[in-house]
1. Could you tell me which of rounded, prolate or oblate describes the range B:198-315, using a ≥ b ≥ c as the square roots of the eigenvalues of the alpha-carbon gyration tensor, with rounded for a/c under 1.5 and, failing that, prolate when a/b is larger than b/c and oblate otherwise?
2. Tell me the volume per residue, in Å³, of the convex hull enclosing the alpha carbons of the range B:1-150.
3. Rounded if a/c is under 1.5, else prolate if a/b is larger than b/c, else oblate: which is chain B, with a ≥ b ≥ c the root eigenvalues of its Cα gyration tensor?
4. How big is the convex hull of the Cα atoms of the range A:7-93, per residue, in Å³?
5. For B:PHE402, B:PHE435, B:PHE461, what ranking results if the residue with the fewest other Cβ atoms within 10 Å of its Cβ goes first?
6. Suppose each label sits 7 Å from its Cα in the direction of the beta carbon; what would the B:ALA80-B:LYS323 distance come out to in nanometres?
7. Listing B:HIS524, B:HIS239 from the residue with the fewest other Cβ atoms within 10 Å to the one with the most, what is the order?
8. Just to check, using Stokes-Einstein with a Kirkwood Rh over alpha carbon pairs, what's the diffusion coefficient of the range B:25-85 at 4 °C and 1.567 mPa s in µm²/s?
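Bear in mind these aren't lab numbers, they're just calculated from the coordinates by the rules spelled out. Bear in mind the structure is a predicted one, so any value in this text is a computation, not a measurement. Virtual Cβ from ideal backbone geometry, glycine too; neighbours counted across all protein chains shown.
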Amino acid sequence: MTALPLVGFVALSSALFAVGLFGILTRRNFILVLIAIEIAMNAAILNFVYFGAFSNGTAGLTGQAVAVVLIGFAATEVAVGLAIVLALNRVKGTINVAQANELKL
Amino acid sequence: MDLSSFAGPFLPEILLLAGTLLIFLLDVLGIRRIEVTGAVAAGASALALLFVVADLGFAPLAFLANLSAGQVDVAIAPGATPLYAFTSLGLVFQGIFLTASFLVALASMSRPSNERGAPIFFGLLLLATLGMLLVTIASDLIFLLLSVEIVSISTYLLVAYTRKDVRSLEAAMKFYIIGALSTTLSFFGASLLYGAYGTTNLFAIRAVAGSVGYPVLVLLGYGFLIAGLAFKATLVPFHAWAVDVYDGAPTDVTAFLTGGSKKVGLFAIFLVFLGPVLFVAPGAGGSPFSGGTVNIGPVLQVTLAILAVLTMTVGNVLALLQKEMKRMLAYSSISQAGYMLIGIVIGTSPALTGATLQMFANVFMKTGVFLVVAGVTALGVGPLIDDWKGLGTRRPLLGVAFGLMLLSLAGVPLTLGFVSKFVLFSSAVEAQGYFVWLAVAGLLNSALSVFYYARVLKVMFFDRPEPDALPTGAVAGGSEPSLLAAGGLGYARATAIALIAVAVVAFGVYPQPVLGAISNAAQHFIHVGP
């Protein structure tokens with residue numbers, strides 16, 4: 001395990017997080033925003049996995065356990081997002097984030 | 001009766017969960033009347049509130065206490081990493097959240113009974129409150145963030161619960177995107193902190209906070225974590241979503257968002273911030289910019305102080321410019337978060353007392369004003385402030401109640417808002433250093449806020465309405481509306497508003513019991529810690 005440097009892993013997850021963040025901020029389609037949210041969330045989960053693998057004893061197990069819990073949590077969050085987008089699509093007929101303009105003055 | 005042997009220390013939480021399940025069960029059985037589900041929600045919140053007040057040591061209710069003295073404010077043994085810990089400050093916050101949930105549940109029983117989704121509304125309300133209670137006892141970063149997420153996910157759905165209204169669905173969508181963004185930010189921050197400290201436990205982090213290397217990880221970790229939580233607490237520059245969401249959500253839900261769930265973010269900042277600030281010796285570690293071991297405390301303190309001043313000022317200035325009632329109140333709610341942050345930044349025991357008291361006051365004031373707005377909107381009054389012309393003379397009791405809440409928000413003496421601001425700002429002056437400037441900024445902002453509250457009062461009491469523009473308010477009977485209760489507001493909402501108005505004045509004139517309990521809790525908290 002120690003053959004690979006931790007820095008490389010952290011760089012990978014940071015890149016993944018940046019991709020997700022960029023997607024959340026720029027995508028106009030709600031479904032794509034959801035996917036971007038998942039990508040960013042998975043970056044955090046990956047971080048927990050590496051840091052857990054690289055530390056010793058029970059502290060390392062915390063990271064693995066948290067990763068599993070967060071995978072479940074991310075699924076819950078996306079389910080709620082899909083429910084909202086479904087209701088919005090029924091009422092408005094579009095899931096484009098940019099066309100959400102009822103609240104602007 | 002020994003309750004602790006029956007339900008353990010989690011009695012309030014169990015009550016809320018049972019209430020949620022009961023409401024959804026009744027829904028399945030076809031019992032969806034708003035009076036029934038609302039009564040379950042209000043009853044569960046009120047009962048849980050009684051237990052919490054008893055746990056805080058309120059003598060007349062002592063027979064209800066379910067936490068023994070050995071369970072609250074216990075000093076943690078070195079090396080122990082408990083997942084949760086009961087502190088009396090946490091119990092005070094449980095009381096604050098349960099008050100918000102009780103008031104909103106009570107007032108919402110007056111929502112139109114033909115409206116669909118009452119079980120969803122009340123069930124999610126209790127579930128969100130359950131998440132808030134868990135936040136107050138968390139002592140582990142992951143436990144804390146997951147509890148915050150219980151609140152967030154429930155409130156996304158609360159905003160969208162009508163399922164037909166385009167405005168509230170769009171508000172829910174914005175709320176969801178921003179909320180999910182802030183969630184990923186805080187979890188990413190937590191993962192970096194786990195990498196730096198090797199643990200997610202707040203006690204363990206605090207023990208090593210002054211002697212850990214990895215300055216970049218610590219700095220970025222706290223940066224992401226605080227940014228994510230600042231979204232939830234609507235601190236400037238993370239506030240832009242709040243006004244649209246507060247405006248678009250059903251107004252009773254807005255009352256719960258500003259009264260309850262915003263304070264969850266503030267309390268979470270409280271927990272992650274105070275550990276490294278209070279419990280690290282001032283000389284320990286270096287600045288995160290100089291390498292070596294890190295003491296993140298001073299950097300966090302300055303950052304949050306800047307955020308506090310920004311939040312107060314931007315919120316107040318933008319509130320001045322608003323023409324719509326709900327948006328004006330939403331901006332004023334943002335500025336209120338800035339006041340509370342002052343107390344958190346300073347971190348002394350009087351300052352914590354001030355911040356907690358400010359949140360206690362805010363529950364009544366902010367929940368109250370939005371509950372009034374919801375009722376008045378249901379009477380057919382338009383969204384603009386000018387639409388409220390003459391309402392105070394037409395409906396004297398409602399006008400006086402609303403006026404009292406606004407005066408308290410502005411911090412006029414003999415109201416609760418004055419007491420909380422007085423304690424808060426005097427603690428900032430006491431703390432010396434640059435904190436004095438926080439007090440100055442707070443005072444200037446309070447003076448500024450008087451302008452827009454006074455404008456509403458002027459419109460309500462001194463402007464004559466155009467004859468045809470005046471809403472008759474005769475919704476139900478068709479006759480001239482009576483003073484408060486029957487005239488379209490509904491008895492439940494009128495009761496909630498009256499309770500709030502009385503509380504604002506009563507605690508303002510005689511704050512000693514609350515002040516004593518909160519300052520006692522804050523002192524314990526400083527010693528035991530998050």
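1. Verdict is prolate for the range B:198-315.
2. Enclosed volume per residue, from the Cα hull, is 116 Å³.
3. Judged from the Cα gyration tensor, chain B comes out prolate (a/c at least 1.5, a/b above b/c).
4. So the per-residue Cα hull volume is 64 Å³.
5. B:PHE461, B:PHE435, B:PHE402
6. About 6.1 nm separates the two model spin labels.
7. B:HIS524, B:HIS239
8. Taking Rh from Cα pairs, D becomes 88 µm²/s.
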